[in-house]
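*Asks:* Let me give you the structure first, and then I'll get to my questions.
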Protein chains: 2
Amino acid sequence: SVNPDLASERQTASFSVEKLTARLDGGAEHTRIRRAVVQAIECDPEFSRENQYFQSQNERYEAAVRKAVHLQKKMHEMGWTENGPEFKYIYRALSGDVAFLLHRIFMRSISVLGSDKQIAKWIPLATQYQLIGSYAQTELGHGTYLQGLETTAIFDITTQEFILNTPKISAMKWWPGDMGRSATHTVVFAQLYVHGKCYGVHPFIVQIRSLQDHSLCPGITAGDIGPKMNFEHVDNGYLMLQNVRVPRENMLNKFCEVQPDGTYIRRGSQKINYFTMTTVRISLISDEVIIPLMKACTIAIRYSVVRRQSKLKPGEQEAKILDYQTQQEKLLPQLAAAYAFHFINDYLQELFDKGYREIQRKNFDTLPELHAFSSGFKAMVTQYCTSAVEICLRACGGHGYSLLSGLPSLYTKILASCIYEGENTILLLQTARFLIKCFMTASTGQPVPPSVTYLAAMKPGKCPANNKLDFLSPDIYTEAYQHMAVRLISSTAAKLQGLIQSGVKKHEAWNQCTVQLAQAAKAHCHYITVKNFVETVEKLETTSGIQKIMKHLCDLFALHGIFSNAGVFLHDGYISGAQMDMATASYLGLLAVIRKDAVPLVDAFDFTDKSLNSALGSYDGQVYQRLYEWAQKSPTNKQMSPAYERYLKPLLHNTRSKI
Amino acid sequence: SVNPDLASERQTASFSVEKLTARLDGGAEHTRIRRAVVQAIECDPEFSRENQYFQSQNERYEAAVRKAVHLQKKMHEMGWTENGPEFKYIYRALSGDVAFLLHRIFMRSISVLGSDKQIAKWIPLATQYQLIGSYAQTELGHGTYLQGLETTAIFDITTQEFILNTPKISAMKWWPGDMGRSATHTVVFAQLYVHGKCYGVHPFIVQIRSLQDHSLCPGITAGDIGPKMNFEHVDNGYLMLQNVRVPRENMLNKFCEVQPDGTYIRRGSQKINYFTMTTVRISLISDEVIIPLMKACTIAIRYSVVRRQSKLKPGEQEAKILDYQTQQEKLLPQLAAAYAFHFINDYLQELFDKGYREIQRKNFDTLPELHAFSSGFKAMVTQYCTSAVEICLRACGGHGYSLLSGLPSLYTKILASCIYEGENTILLLQTARFLIKCFMTASTGQPVPPSVTYLAAMKPGKCPANNKLDFLSPDIYTEAYQHMAVRLISSTAAKLQGLIQSGVKKHEAWNQCTVQLAQAAKAHCHYITVKNFVETVEKLETTSGIQKIMKHLCDLFALHGIFSNAGVFLHDGYISGAQMDMATASYLGLLAVIRKDAVPLVDAFDFTDKSLNSALGSYDGQVYQRLYEWAQKSPTNKQMSPAYERYLKPLLHNTRSKI
């Protein structure tokens, strides 16, 4: 039975939860398919995550491999294919605890970087799992700066082979997933040398384990890099190569080739390759970043209407903690952000689909803009959502700190998204480089890509708001964000130019501006996110109450940003102190409004109890009962600890020599 | 041998590292004692933490119990006593991984709340470990709001016993340390009922496990609450009581007593009891919060001069990542904060020692101020340091995410400090209540406690800075902080009064101001921290370069706060936009200055490699070598995973039915 404190929250929803779910899924038909996939996965005991919080790293890995193997069977049974509409929901339904994700990257890298001949040879083997692939790029000493990779591949003309080596410890491959214990093959990125000349980093297919007995191949040292903050299910590995020889044909050679006589040939455009890296950044945002935040919001908000603590009014029953303004101010902006980022993700997906079509027509014009988008939004969204999940965790007090709440795992996993696929600061600076360039171009009156035309339109002016209601006008706050972004970009551009004109070398001047450049890039992404939220709300259907509540969330997201980053809005007086007070009043006022729909708004995310895997977040709100039931299953309760016989008993019985 | 990239950083220190260490310890003699304790603990293999990152929850618990038992022996051997100068360094040397900490709280609660007779009975038993104690206050349903505890203790006049019960699941004791598997006794807090009348929460000594065989006593259900984000070494437990009878003498009765005929007597002052809770909050700041931040800074900064990535200037060697402005801006403010909080901790200790002496003389006048201090600083310092440790972790990229870096454990442990011993938001609001009261008092011209006399001295004015150098003047920034704190407190007080005058009920008005009240309380603590740092620097010896570098750190701490919270300084125009640019220029300029001494500044914290337990942070900077060595010890590398025979081999060999 549903806890009455949670049930009552659902009776007063101002909108149709089911219709909002359908909107989030992109239509009711998608909702139906998603639920069917989730249902099929969750009713299969092989995919159970019931013991997840009690498992060791070894157990997590074994379960992930088991699930990956079982998934092949399941897909066959269910008639799901990689190109079918169900596919994208499978990973979500598994909550990511599955092996062989790098096997897929292995295949993708061959498809993109390999010749037709190489594709014809390797892809069928990989598809049928006659080998297990991985992708060995990062080294102990190099992640971000790929040109600095130290693994070498020297062409031996006499045998027509490449000889691969790890010349020093920092050159060891480190972190590749599926490589520590599973993979038989991997794509190794190494500096290519022919006749003593270095041609830069190239990809080579290398077998690392026997297909017969899985023993390491000659010259290979490999293993698992050990425990991490999360991702215990992945065997992130290390790899050392000592005179490992691979045939000439194993260098992926769609774009570059070493001919038998050692002639190095580069052909075609590698731009499409960069585009692949760019799309990976965008594709991870939904599953790895936004969904975890939605889960965290669901858990924390449901718990906050079940948890009662202290009294809001003397003499009354203890209050639900979500009725406290401070708790609302912790959680509701994160809820608004989850929606904001869901919508910006839709926008980015569309932009990239369009970009992809252009690129297939050999039009590479949009590449710089897409690259700037993918870098900036990956950084901004991962950072924002990581903080947001942490806020949700802390907002649940002690119980949030228990693994059984599900929140610690969400946090330790989403945190990694700030680091992988490009470290966030580096990415922001790439976006900043694009913005500065566009700003310079725009200031000379030349055309710039559509997303940054606003840079040309800097109006000095002041915010026209006269009262707190004005701050619920999207025009008012969108213009404030725009003004702020332009100001940060233009003032940093001015600082940069000033330094260079005063004689500071270009690279040094750049370094001295990087803190502000990163800030400017974030401001740009924040502005685009607000603008997109506003535009999305305008297009929503006005029935079923959805547009109204989304408008509130959009206002909250925008005003929370103004409240939390007041300095950048106040700096040049665009918003005055008095106006900031109005914005704050509107912001705090919205909390009480949205609070009424908080539970329906997380219900609309439509997570099953199994997918939340949280004692605090279940649909029925039976929080304390579930915490107790789950705790009893802990291995720490399975038997009396050997610590009793060994240490406690002698201590208590004083059989040891007297202390 | 020391990595040359790290060695070179030490050759250019602008100050005497050894003298700074002595200053941090409170004198060279303390340094000597601390090092002797650390040495004695670390050379004893029983206290090794070598396998910590590979251990299960069960193994961590067993090790903690083993260490706690061994510690008794060690203290005897070494001649260390609880009142000796070595004692406070033991816990630090063990890095906290030791059991029976709640046994000490058990003893402390009896000493404070028990009668002389009770003390005479229980303390010797506990001292000699003829029992193991715990402290059962928090329940599943209640943490913050102690009046809401639901466990009952009903006096049975016929048998002269209390009958303890857990009337519902939310009343179950949940979280007490040492209780899940170790404790034989615990102090249970329960609602006292005599003749059907409730007298509120009182403490009762209850035996929960047999002293013979450790089996649970009749009526007791107890166990471990399962996995947490950290603290795997502690057996946080649950406890359910069903008609558990304890004799009348087991209610701790220094302040309250139930007489044989059921008469309830309250005597003396409980104020001293609140003071005990207050001191616990202060005492945890050093070991649980500041030291972890110092460790995180040590790890991240040492790693950042060993890690080279990408090029700062074309054609040169790859740069140390600490040479990038963005990396400096991540780490150096955290380093400055570690010093700032070390000094504020010294200040708080002194304040509390003085307060304690007053209280022993029955002068309770300073209690409200001390309570406000302990609440506000506990909240502010734990929150700040938790964010700071997370920044250090993220700043180390992928390798920071490995448990072997030591950073994830530091983070997951320090995070708990935001929750335990008072949830931070609740604590800030308690400080805010004190500040509002003092502000009201001051505005009527009446005297207020010394720490808040500044509230009476609100001058409108503007910041007098004319150029960026002015922002390196402590007067300039201290006054800015003071102005900002007064403004936030006074404007929130005005809002509160306005609401009440407009007819909003008092408690509702308070709730509507809580977001801003919490902000005001933080601002107050931030101001006091800056002011104390300034005053500390002024008193430092001017030789050995210590005062100079501490002045830089003090400036950095203050300007970082202005840069990151620009809005609250700009709001009323006290600092103008142009001045904010000056402050920012000074702030960014300081980064490059302090960067030169960054390694000596963390060396001065004087952590041994064993206490850091970090592959990234060791004194010798042999980062990659150590990561590789440690990874090889991981249980994931001990043998071929059973996953191969079970899942991978059938998959690769296609012995399963074809997919």
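The values are calculated or read from the model by the stated rules, or taken from the named source; none is laboratory data. A quick note: this is a predicted structure, and the numbers were derived from the prediction, not measured. Because the Cβ atoms are built from the backbone with ideal geometry, glycine has one as well, and the counts that use them run over all protein chains shown. These accessible areas exclude ligands, DNA and RNA; they are computed on the full protein's heavy atoms, side chains included. Shrake-Rupley method; radii C 1.70, N 1.55, O 1.52, S 1.80 Å.
*Asks:* For A:Asp609, only one of the following conditions fails: (1) free of Cβ contacts under 8 Å to residues at least 12 places away in the same chain; (2) within 14 Å of another protein chain (Cβ to nearest Cβ). What is its number?
*Replies:* Condition (2) is where A:Asp609 drops out.
*Asks:* Take the residues in region A:621-659 that are open to solvent by less than 30 Å² (accessible area, probe 1.4 Å) and either of a type in the set (Lys, Arg) or within 29 Å of the chain's Cα centre (by Cα) (or both); name whichever of them is farthest from B:Gly143 (Cα to Cα).
*Replies:* This residue is A:Gly621.
*Asks:* Then there is this: With respect to B:Lys88, determine if the residue is within 14 Å of another protein chain (Cβ to nearest Cβ), basic (Lys, Arg) and either out of contact with any helix residue (DSSP H, G or I) (no Cβ under 8 Å at 6 or more places or on another chain) or buried (at least 17 other Cβ atoms within 10 Å of the Cβ) (or both).
*Replies:* Considered against the rule, which asks whether it is within 14 Å of another protein chain (Cβ to nearest Cβ), basic (Lys, Arg) and either out of contact with any helix residue (DSSP H, G or I) (no Cβ under 8 Å at 6 or more places or on another chain) or buried (at least 17 other Cβ atoms within 10 Å of the Cβ) (or both), B:Lys88 comes out as no.
Residue-wise test of (1) within 11 Å of chain A (Cβ to nearest Cβ); (2) assigned to a helix (DSSP H, G or I); (3) surrounded by fewer than 23 Cβ atoms within 10 Å (Cβ to Cβ); (4) acidic (Asp, Glu).
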site: B:Phe373; (1), (2), (3), (4): no, yes, no, no
site: B:Gly376; (1), (2), (3), (4): no, yes, no, no
site: B:Gln383; (1), (2), (3), (4): yes, yes, yes, no
site: B:Ser387; (1), (2), (3), (4): yes, yes, yes, no
site: B:Cys392; (1), (2), (3), (4): no, yes, no, no
site: B:Gly400; (1), (2), (3), (4): yes, yes, no, no
site: B:Pro408; (1), (2), (3), (4): yes, yes, no, no
site: B:Ile414; (1), (2), (3), (4): no, yes, no, no
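*Asks:* Can you confirm whether A:Glu62 is out of contact with any His (no Cβ under 6 Å at 6 or more places or on another chain) and either aliphatic (A, V, I, L, M) or at the interface with chain B (Cβ under 10 Å from one of its Cβ atoms) (or both)?
*Replies:* yes
*Asks:* Which ranges mark the strands (runs of 3 or more DSSP E) fully within region B:226-272 that have 3 or more residues being at negative phi and away from chain A (no Cβ under 14 Å)?
*Replies:* Fully inside region B:226-272 and qualifying: B:244-247, B:256-258, B:264-266.
*Asks:* Taking region B:1-23 on its own, how many of its residues are assigned to a helix (DSSP H, G or I), open to solvent by 20 Å² or more (accessible area, probe 1.4 Å) and under 25 Å from B:Gln625 (Cα atoms)?
*Replies:* The qualifying residues number 5.
*Asks:* What are the residue pairs meeting all of these: first residue in region B:305-325, first residue open to solvent by less than 30 Å² (accessible area, probe 1.4 Å), second residue hydroxyl-bearing (Ser, Thr, Tyr) and not in a loop (DSSP other than H, G, I, E, B), Cβ atoms under 7 Å, and 6 or more apart or on different chains?
*Replies:* Going by the 7 Å Cβ cut-off, the qualifying pairs are B:Lys320/B:Ser304; B:Ile321/B:Ser304; B:Leu322/B:Ser304; B:Gln325/A:Thr514.
*Asks:* A follow-up question, please. Only one of (1) within 14 Å of chain B (Cβ to nearest Cβ); (2) of a type in the set (Ser, Thr, Tyr); (3) open to solvent by less than 10 Å² (accessible area, probe 1.4 Å) fails for A:Tyr420. Which number is that?
*Replies:* Single failed check for A:Tyr420: (3).
*Asks:* Look through B:Thr138, B:Thr127 and report the one residue that is under 24 Å from A:Pro635 (Cα atoms), open to solvent by 20 Å² or more (accessible area, probe 1.4 Å) and β-branched (Val, Ile, Thr).
*Replies:* Sole residue among the options that is under 24 Å from A:Pro635 (Cα atoms), open to solvent by 20 Å² or more (accessible area, probe 1.4 Å) and β-branched (Val, Ile, Thr): B:Thr138.
*Asks:* Might you check whether a residue that is in contact (Cβ under 8 Å) with a residue 60 or more places away in the chain, in contact with a helix residue (DSSP H, G or I) (Cβ under 6 Å, 6 or more places away or on another chain) and open to solvent by 30 Å² or more (accessible area, probe 1.4 Å) occurs anywhere in region A:229-238?
*Replies:* yes
*Asks:* Let me ask something else. Just to be sure, is A:Asn250 under 24 Å from A:Lys117 (Cβ atoms) and touching a strand residue (DSSP E or B) at 6+ places or on another chain (Cβ under 6 Å)?
*Replies:* yes
*Asks:* Checking the condition away from chain A (no Cβ under 14 Å), open to solvent by 10 Å² or more (accessible area, probe 1.4 Å) and touching a residue at least 24 places away in the same chain (Cβ under 8 Å), which residue from B:Ile426, B:Ile436 passes?
*Replies:* After applying the criteria, what remains is B:Ile436.
*Asks:* Then there's this: Please state which one of A:Leu648, A:Leu616 is facing another protein chain (nearest Cβ under 7 Å) and either within 16 Å of B:Gln212 (Cα to Cα) or touching a residue at least 24 places away in the same chain (Cβ under 8 Å) (or both).
*Replies:* Within the list A:Leu648, A:Leu616, the selection yields A:Leu648.
*Asks:* Any idea which of A:Leu94, A:Leu131, A:Leu71 is more than 13 Å from chain B (Cβ to nearest Cβ), in contact (Cβ under 8 Å) with a residue 24 or more places away in the chain and not aromatic (Phe, Trp, Tyr)?
*Replies:* The unique qualifying residue is A:Leu94.
*Asks:* Pick out the one residue from A:Leu540, A:Leu517, A:Leu556 that is open to solvent by 10 Å² or more (accessible area, probe 1.4 Å), touching a residue at least 12 places away in the same chain (Cβ under 8 Å) and over 22 Å from the mean Cα position of the chain (by Cα).
*Replies:* The conditions single out A:Leu540.
*Asks:* Also: Quick check on region B:459-466. Is at least one of its residues among the hydrophobic types (A, V, I, L, M, F, W, C) and in contact with a Lys or Arg (Cβ under 7 Å, 6 or more places away or on another chain)?
*Replies:* No, that holds for no residue.
*Asks:* To continue, here is another question. When you go through B:Gly96, B:Gly26, B:Gly79 one by one, which is the residue that is within 23 Å of the chain's Cα centre (by Cα) and open to solvent by 30 Å² or more (accessible area, probe 1.4 Å)?
*Replies:* B:Gly26
*Asks:* Of everything in region B:51-76, what is open to solvent by 50 Å² or more (accessible area, probe 1.4 Å) and among the basic types (Lys, Arg)? Give them in sequence order.
*Replies:* Within region B:51-76, B:Arg66, B:Lys73 qualify.
*Asks:* Would you pick out the residues in region A:350-392 that are of a type in the set (A, V, I, L, M) and more than 26 Å from B:Glu390 (Cα to Cα)?
*Replies:* Listed by number, the residues that qualify are A:Leu351, A:Ile359, A:Leu367, A:Leu370, A:Ala372.
*Asks:* Are there any pairs, at least 6 apart or on different chains, whose C-beta atoms fall under 6 Å, with the first in region A:16-30 and of a type in the set (Val, Ile, Thr) and the second surrounded by 14 or more Cβ atoms within 10 Å (Cβ to Cβ), and if so, which?
*Replies:* Taking only residues 6 or more apart or on different chains, the pairs are A:Val17/A:Pro600; A:Val17/A:Asp603; A:Val17/A:Ala604; A:Thr21/A:Thr31; A:Thr21/A:Ala604; A:Thr21/A:Asp606.
*Asks:* Also: Which residues, taken from region B:262-285, are closer than 28 Å to B:Phe162 by Cα, in contact with an Asp or Glu (Cβ under 9 Å, 6 or more places away or on another chain) and at pLDDT 80 or above?
*Replies:* B:Thr263, B:Tyr264, B:Ile265, B:Arg266, B:Arg267
*Asks:* Here is a follow-up. Exactly one condition in (1) within 28 Å of A:Ile119 (Cβ to Cβ); (2) in contact with a Pro (Cβ under 6 Å, 6 or more places away or on another chain) is false for A:Met229; which is it?
*Replies:* Of (1) within 28 Å of A:Ile119 (Cβ to Cβ); (2) in contact with a Pro (Cβ under 6 Å, 6 or more places away or on another chain), only one is false for A:Met229: (1).
*Asks:* Would you mind telling me which numbered condition in (1) more than 14 Å from every other protein chain (Cβ to nearest Cβ); (2) in a helix (DSSP H, G or I); (3) farther than 20 Å from B:Val112 by Cβ B:Ser170 fails?
*Replies:* Status for B:Ser170: all satisfied but (1).
*Asks:* Could you grab me the full set of residues in region B:465-479 that are in a loop (DSSP other than H, G, I, E, B) and open to solvent by 80 Å² or more (accessible area, probe 1.4 Å)?
*Replies:* Hit for region B:465-479 is B:Asn466, nothing else.
*Asks:* Which residues, counting only those in region B:141-162, are open to solvent by 50 Å² or more (accessible area, probe 1.4 Å), assigned to a loop (DSSP other than H, G, I, E, B) and touching a residue at least 12 places away in the same chain (Cβ under 8 Å)?
*Replies:* Of everything in region B:141-162, those that are open to solvent by 50 Å² or more (accessible area, probe 1.4 Å), assigned to a loop (DSSP other than H, G, I, E, B) and touching a residue at least 12 places away in the same chain (Cβ under 8 Å) turn out to be B:Thr144, B:Ile157, B:Thr159, B:Gln160.
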